[in-house]
1. Would you check if there is a residue in the stretch 299-320 being without any contact (Cβ under 8 Å) to a residue 60 or more places away in the chain, farther than 16 Å from residue 270 by Cα, of a type in the set (Val, Ile, Thr) and open to solvent by 70 Å² or more (accessible area, probe 1.4 Å)?
2. Scan the stretch 250-273 and tell me whether some residue there is more than 26 Å from residue 221 (Cα to Cα) and in a loop (DSSP other than H, G, I, E, B).
3. Among the numbered criteria (1) in contact with a Phe, Trp or Tyr (Cβ under 6 Å, 6 or more places away or on another chain); (2) surrounded by fewer than 14 Cβ atoms within 10 Å (Cβ to Cβ), which one does residue 194 miss?
4. Does residue 51 satisfy the criteria of being surrounded by 12 or more Cβ atoms within 10 Å (Cβ to Cβ) and at pLDDT 95 or above?
5. Please enumerate the residues belonging to the stretch 64-87 that are surrounded by 12 or more Cβ atoms within 10 Å (Cβ to Cβ) and either modelled with pLDDT of 85 or more or part of a strand (DSSP E or B) (or both).
6. Being surrounded by 14 or more Cβ atoms within 10 Å (Cβ to Cβ) and either within 30 Å of residue 241 (Cα to Cα) or among the aliphatic types (A, V, I, L, M) (or both) is the filter here; which residues of the stretch 289-298 pass it?
7. Determine whether residue 329 is at pLDDT 95 or above and surrounded by 13 or more Cβ atoms within 10 Å (Cβ to Cβ).
8. So if I check each of 289, 301, which one is part of a strand (DSSP E or B), of a type in the set (Gly, Ala, Ser) and closer than 23 Å to residue 257 by Cα?
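The values are calculated or read from the model by the stated rules, or taken from the named source; none is laboratory data. Small disclaimer: the values here were computed from a predicted structure and weren't measured. Note: ideal-geometry Cβ built from the backbone for every residue, glycine included; neighbour counts use all protein chains shown. All accessible areas refer to the heavy atoms of the entire protein, side chains included, with ligands and DNA or RNA removed. Shrake-Rupley method; radii C 1.70, N 1.55, O 1.52, S 1.80 Å.
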Amino acid sequence: MIDAGYEFENENFVNETFPERPVDDSAADVTQRSNTFFIQDQLRLLGGRLQMSAGFRAQFFSLQSPRFTPAPAAPYQGASFKAPPSAYTGDGSLAYYFRQTGTKIRGHVGNGYRAPSLFERFGTSFGSFGYSVFGDPSLRPDRSIAFDAGVDQTLFNGRLRASATYFYTRLQEVIIFDFSGAINPLTDPFGRFGGYRNTAGGLARGLELGAALAPASSLDLTLAYTYTNADQRQPIVPGIIRSFAIPNHLFSIVATQHLGRGILINLDLTASSDYLAPIFDPLTFASRAYRFGGTVKTDTAISYRRPLSEFKGIRFYAKVGNFLNRKYFESGFRTPGATAVAGVQFEF
């Protein structure tokens, strides 16, 4: 089976500011277009036991000349504005299924590309002191490459499905928003003390283990564990190469109990090891690394679906998040305690 297509995209970024004094009004207007061609070929051989897939995507950009007002104080004066470089990405996968043992082995490799957004390149604000510049018109795109390989196994007539996957992801170059002091206004071509810039990215590799089993006809269990070793190629905080906000260990278990006709009870437990997150120090205008404790969170939900006809139904549901009211942090920020939501869903 072959899929192919074409995509046209027109992106317009307009940032208008209307302060109290009309003389301080400002605007930034930037337009970018892209043309994309893509194709994918999927093959099934040997009676469907061997599956192969290959895809390719090419994207071409064009940039219209940005307009800034008031022009005499406009930023980026003297800078040359170029469209992002053309993007060429590919993706391939291979899988083979052993019917007698219920085993499937698989592998995948691909690369990624993300063009900088118009705000990342031309983001500004305007006030009584003139323009504040966050963007960098010369930003290079995000680039990455990824590989994974694994095995899936089915046992006990399909009542148990287990999987193991090794993954490797390398962010060759990424765009970050940086106020750590790495951008020096004395050497930055636009006089910025913070904003968007390119950095060397990072590297993540690890192992994913998963299992889905049905110990009883009315009970479904899903278990997952992920080990991740993620490092930064260029530290944000001096001496710290471990990637921020990514725990080394992550575990989850989901249990779904069917009660009678249409009643479901769900229990979801998530636990992780500790992680690092950057904290900005206003005294030194630099970021520090802080270690946050691991997360243990339990959610529960119940729902009841009543059919109204062959294609219509109504479902009542209620959910309590973090119902044990555990204190934990996500990316360095404290989360709410226990939360609850309830509602009605009409299906047609």
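1. Taking the stretch 299-320 as the starting set, the residues that turn out to be without any contact (Cβ under 8 Å) to a residue 60 or more places away in the chain are 299-320.
Now narrow it down to the ones that are farther than 16 Å from residue 270 by Cα: 302-318.
Then drop every residue that is not of a type in the set (Val, Ile, Thr), which leaves 302, 314.
Those still in the list that are open to solvent by 70 Å² or more (accessible area, probe 1.4 Å) too: 302.
Yes - at least one qualifying residue is present in the stretch 299-320.
2. First, the residues of the stretch 250-273 that are more than 26 Å from residue 221 (Cα to Cα): none.
Within the stretch 250-273, none of the residues are more than 26 Å from residue 221 (Cα to Cα) and in a loop (DSSP other than H, G, I, E, B).
3. It is condition (2) that residue 194 fails.
4. Numbers: surrounded by 12 or more Cβ atoms within 10 Å (Cβ to Cβ): yes; at pLDDT 95 or above: yes.
When the stated conditions are applied, residue 51 passes them.
5. Here is the first cut: in the stretch 64-87, the ones surrounded by 12 or more Cβ atoms within 10 Å (Cβ to Cβ) are 64, 66-70, 73-76, 79, 81, 83-87.
Those that are surrounded by 12 or more Cβ atoms within 10 Å (Cβ to Cβ) and either modelled with pLDDT of 85 or more or part of a strand (DSSP E or B) (or both): 64, 66, 67, 68, 69, 81, 83, 84, 85, 86, 87.
6. So in the stretch 289-298, the residues surrounded by 14 or more Cβ atoms within 10 Å (Cβ to Cβ) come out as 289-290, 292, 294-298.
Once the filter is applied, which keeps residues that are surrounded by 14 or more Cβ atoms within 10 Å (Cβ to Cβ) and either within 30 Å of residue 241 (Cα to Cα) or among the aliphatic types (A, V, I, L, M) (or both), the stretch 289-298 yields 289, 290, 292, 294, 295, 296, 297.
7. Values: at pLDDT 95 or above: no; surrounded by 13 or more Cβ atoms within 10 Å (Cβ to Cβ): yes.
Spelling it out, it is not the case that residue 329 is at pLDDT 95 or above and surrounded by 13 or more Cβ atoms within 10 Å (Cβ to Cβ).
8. Numbers: 289 fails: closer than 23 Å to residue 257 by Cα.
Only one candidate qualifies: 301.
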